[in-house]
Amino acid sequence: MELSEEDNLLITKYFDREQTESERLRFEERLKESTDFANEILLRKSMLAAIKMEGDGELRSELKLKAKSFNIHSHSKRNFKWRYFAAAMVVLIVATYLVLPTENSLFEAYYYPLPEDQVTRNLPDNKNSYHHAMEQYSLGNYNEAIPLFHAADSETKRNEIALYLGNCYLSTDQPNKAIKYLTTAQQTESKSLKRHSSWFLALAYLKAHQREKAVDQLNFLTKNKGSHYKQSTELLEKLKWSFY
C-alpha cells in the first residue's frame, strides 16, 4: 500500500523536527491507525542509523537524501527497486552489528529514582506524613509512599512533594500521573529543583511516548548547564536513532 501525500509530508516534517502541534497529533494518530505508516517510520529510522554508522562521502549524502524523500512517486520502477535495495541494506547492517534502542529501553537505561537526600537533606524532627513518606520512599516502597505524600499538605514543600510523587508514579509505571506532578514541581524558583523536575519530566514523557515533549525538556537542560546536562545530551543523541 502506497502512502498518501499527507502521510509523506507528516513523516518528512517528523524527521526534520518541523511539526506543528496539530501535525504531531495527526502523526501519532497515523502511527496507531496504519501499520504501513508505522513500518515506513521504522524503515527510515533504520536507514538513517545505518547511514550514521556506515556510509561515507557521496554515498552517505545520497542515501540520507533518499531516506528522507520517499515521496508520492515511490511507485515508479526505479524507486520500487531502490526501496528493496535500501531495505535489504538496512536489514544486513542492523542484523550484523546494530541494535537500535526503543523509547522504553532508553527510559529503563536512564531512569533512576531521585535519591531522597537530593532536595531535602534535613527531615523535620516531628514524625509527620512527609517524614513517613520519605522513609517509605527511601526504602523503595513507592506505593506506600504515594498516599503519605498526598497527605503531607505542606505549602512550603509543595514542589518537593510533587517531585517525589512524580518519581513514585514513574517507579510504579504510571507516567501520565507522573507528568501531572512533575509539571507542578517545575513551577519553582529553585534552579536545582527545576532541573531535577525537567529531567524526570523528560523521562515521563518518554515513558508515555510523547517524544517531542521529552525533547523539549532535554533541550532546556542542555541549554542551561547544570544537573543532568550530560545525561540529557546523551539521551538527545540516542533518541535520534530510537524506535517507538
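Remarks
- Accessible surface of region 1-45, 1.4 Å probe, proportion on carbon and sulfur as whole %: 50 percent
- Averaged over its residues, region 189-228 has an accessible area of 42 Å² per residue, based on protein heavy atoms and a 1.4 Å probe.
- Measuring against 19 Å, Cα to Cα, the residue pairs 13/180; 157/180; 13/194; 45/238 contain 13/180; 13/194 as the ones spanning a longer distance.
- Local electrostatic count, residue 106, Cβ distance below 13 Å [Lys/Arg +1, Asp/Glu -1]: 0
- Taking 0.36 nm per residue of separation and subtracting the Cα-Cα distance, full extension of the segment from residue 183 to residue 32 would add 51.7 nm.
The values are calculated or read from the model by the stated rules, or taken from the named source; none is laboratory data. These figures come from a predicted structure and were not determined experimentally. All Cβ positions, glycine included, derive from the backbone under ideal geometry; neighbour counts span all protein chains shown. What goes into the accessible areas is simple: the full protein's heavy atoms, side chains included, and nothing from ligands, DNA or RNA. Shrake-Rupley method; radii C 1.70, N 1.55, O 1.52, S 1.80 Å.
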